1. For segment 25-42, just list the computed ³J(HN,Hα) in residue order, Karplus coefficients 6.51, -1.76 and 1.60, θ = phi - 60°, integers in Hz, with x standing in for Gly and Pro.
2. Tell me, what % of the accessible area of the chain is carbon and sulfur with a 1.4 angstrom probe?
3. Just to confirm, what accessible area per residue do you get for the chain at 1.4 Å probe, in whole Å²?
4. Towards the positive end of the charge dipole of the chain, with charges on Cβ (+1 Lys, Arg; -1 Asp, Glu), say which of Gly40, Ser145, Phe274 has the farthest Cα.
5. Can you compute the charge dipole magnitude of the chain about its Cα centre, using +1 on each Lys and Arg Cβ and -1 on each Asp and Glu Cβ, nothing else charged? Give it in debye, rounded to the nearest 20.
6. Which cross-chain or sequence-distant (5 or more) residues have an amide H under 5 Å from the amide H of Ser85, H modelled 1.01 Å from N in plane?
7. Placing unit charges on C-beta atoms (Lys and Arg positive, Asp and Glu negative, everything else neutral), compute the dipole magnitude of segment 62-126 about its Cα centre in debye, rounded to 20.
8. Spelling out what I want: for every residue of segment 84-94, take phi, set θ = phi - 60°, compute 6.51 cos²θ - 1.76 cosθ + 1.60 (Karplus), and round to whole Hz; glycine and proline get x.
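The values are calculated or read from the model by the stated rules, or taken from the named source; none is laboratory data. Please read all numbers here as calculations on a predicted model, not as lab measurements. Every residue, glycine as well, gets a Cβ built from its backbone with ideal geometry; the counts of neighbours run over all protein chains shown. Each accessible area value is taken on the protein alone, full model and side chains, heavy atoms only, with ligands, DNA and RNA left out. Shrake-Rupley method; radii C 1.70, N 1.55, O 1.52, S 1.80 Å.
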Amino acid sequence: MTGPRMVAAEPVAEDRADVGLRPQSLGEFVGQERIKKILGMSIEAARQRSEPLDHVLFSGPPGLGKTSLAHIIARELGVNLRSTSGPAIERAGDLAAIVADLERGDVFFIDEIHRLARPVEEILYPAMEDFELNIVVGKGAGARSMKLAVKPFTLVGATTRSGLLPAPLRDRFGFTAHLDFYAPEELEQIIRRSAGLLGVTLTDEGAAELSTRSRGTPRIANRLLRRVRDYAEVRADGVVTLEIARTALEIYEVDDYGLDRLDRGVLEAVIRRFGGGPVGLSTLAVALGEEAETVEVVAEPFLVRRGLLARTPRGRVATAAGWAHLGLTPPPSLAELPTLFD
C-alpha cells in the first residue's frame, strides 16, 4: 500500500498546514467536556493566584486534540508556548537549553513525550519538581554537578502510548487526562465549524455523512471534508450534499464505517481466505503482502473497536458484524464469540 491513508489518524503535511482549523479557546473546543471543565477551573485558579499551571499530561490516540489543547492552555493563560517532540530532543543539553530560556509561566509542550531518551528524562525530573537543572560539567574524575535555577513553567506532555511513560515522569504531572473518541454529533459540530472556516457550503445531511465515516477522530473528519470539498468544486456546484459526500468518499475508497482499502483487505482476507479465522498475525500479513506491524498497529485497532474483528489466543477471528459488513452470512458457530478460555 502506497501513499498516506485517507483515514490515518497520524498527521500528514496537509493537516499541519491547516493550523487555522484548530480551536482557539476552550469555548470553541468541541467534546471532551470533563477535561474542558477541569482545565477551565485550573486555568482560572492559576490566573487568580498569578501562578503557573500544574503540569498537564494528555494521552489518547492520535488526532483527538492533544496539541490543540496545549495551544489553548497557553492562549488562555496569556503566556508563550514552546513546542517540541520527544524524538527531537536527542541530548540532555538540548532540553536544558530550552527550559533555561523559558519565561515565568510559559507553557512547554512535548509531543510524543514517551519517546524521550532516558538521559533527557533525568534532566526533566528536577526541572518539573524543583524548577532547577542539574548539569554535569567536565568529565571523569574532574566532573562536578551544578544546579541552575529556572523560572517556573508548565510542562504539557502528549502521548499516544501512556503505558510507555516511566512512573517517575507520569507521577510528576498534576493533571492527567485521557482523550476519548468523539461521538458523531460532536464530529458534525467540528465539520460545520471547519466548513465555515474553509468557505465550504455544507448541508446537514452532508455533515452527518462525513461524521459517521470519520472514525471518531476530528483530524480525519477535517481531512475528509477537504477531499469532498475538492470533488464538489470540480465535479459539482461546490455544495457538499449527502449525495456528493457519498460519491466522493466512494472514489476515495472510504466506506460507510470509515474503513479504507487496507482495513477491508484485512477483513476480507480473514473471511474469504481463512474462513473467518482464527488466523495468525504473520500468516495474515503474508496473505496481504504487508508487514505484520502494519496490520497489527495500523488496521487492526479500528476493526476491533468497530466490532468487526476479534483477537483471540488462537488468532484473529472475524465477528458476525464483520461478515455482515461484507454482505456475507456468518456461520452458525459465530453465535457466541470465542473467549479467553476457549
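1. Karplus-based 3J(HN,Hα) across segment 25-42 equals 8, 5, x, 7, 6, 8, x, 6, 4, 4, 5, 4, 4, 5, 4, x, 5, 5 Hz.
2. Accessible surface attributable to carbon and sulfur in the chain totals 50 percent.
3. Working: 16820 Å² over 342 residues.
Accessible area per residue, the chain: 49 Å².
4. Ser145
5. The calculation lands at about 580 debye.
6. Counting only residues 5 or more places away or on other chains, the set is Asp111.
7. 120
8. Each residue of segment 84-94 in turn: 7, 9, x, x, 6, 8, 8, 10, 4, x, 5 Hz.
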